[in-house]
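Have a look at the structure below before the remarks.
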Amino acid sequence: MVLNSTHHIKEQKQIISDLVGRSFTLLESLKMKGIGSKRMIIGEVSPNLKNYMNNIADINYANIELRTGGILIFINKGLQNFTWAIPYYQLVMYKTNGASIHAQGKFIHFKNNKTFKENKRFFAKMLDQKIKYDEQYNFQGI
């Protein structure tokens, strides 16, 4: 679900919390050595995300925040901010000349450049969190 997060609205905060869980506490984020990625350059997006990108030849940036039940992708378009909330059970990630995140019939591809390489540890942390989340629902013997 993509929300316009330029202005803070209480209802949106509740929707995000219901969808991807609460944010990590300060102590938890310190133990994890951070819960947010550095800014990355967007290479390509699915057609249903094109209207959230800059139309001109500007570079599009996004960053990711980990939550207890999913991730938030923050996209900047001029003076507007958009938040794409993805629960872990919908998250699919591919490593193809950068990284590509797929969910809800949409995808976003991050270019393989210096900013992407700086986030290599973050992506490993994100996959670890997804595995921890999936292990809650691991039913053996069925």
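Accessible area of the chain with a 1.4 Å probe: how many percent of it is carbon plus sulfur?
55 percent
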Kindly express, to the nearest 10 degrees and within the range 0 to 90, the angle between helix 120-135's C-alpha long axis and the longest C-alpha principal axis of the chain. 40 degrees
The chain: angle of helix 10-20 to the longest principal axis, Cα-based, in degrees nearest 10: 60 degrees
Starting from the Cα gyration tensor of the chain, multiply each eigenvalue by 5, take the square root, and state the resulting semi-axes largest first in whole Å. 24, 18, 16
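Quick one: putting +1 on the C-beta of Lys and Arg, -1 on the C-beta of Asp and Glu, what dipole do you get for the chain around its Cα centre, in Debye to the nearest 20?
Roughly 440 debye, rounded to the nearest 20.
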Whose amide H sits under 5 Å from the amide H of A99, counting only residues 5 or more places off or on another chain, with H placed in the peptide plane? F110
Using the charge dipole of segment 1-68 (Lys, Arg: +1 at Cβ; Asp, Glu: -1 at Cβ; taken about the Cα centre), state which of M1, I35, M53 has its Cα farthest towards the positive end. I35
Any chance you could list the semi-axes, whole Å, largest first, of the equivalent ellipsoid that the Cα gyration tensor gives for segment 80-133, using √(5λ)? 18, 15, 11
Please compute the per residue accessible area over the chain with all protein chains in place, 1.4 Å probe, rounded to a whole number of Å². 62 Å²
11 Å reach of a label modelled at K132, 7 Å along Cα-to-Cβ, counting backbone N of segment 9-33: 24-25, 28-33
In whole Hz, the Karplus estimates of ³J(HN,Hα) for segment 37-51 (6.51, -1.76, 1.60; θ = phi - 60°; x where Gly or Pro) are 8, 7, 5, 10, 8, 7, x, 8, 9, 5, x, 7, 10, 4, 6
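The values are calculated or read from the model by the stated rules, or taken from the named source; none is laboratory data. All values derive from a computational prediction rather than experimental measurement. No Cβ is skipped: glycine too gets one built from the backbone with ideal geometry, and neighbour counts run over all protein chains shown. Just so you know, the surface numbers come from the protein's heavy atoms only, side chains and all, with ligands and any DNA or RNA stripped out. Shrake-Rupley method; radii C 1.70, N 1.55, O 1.52, S 1.80 Å.
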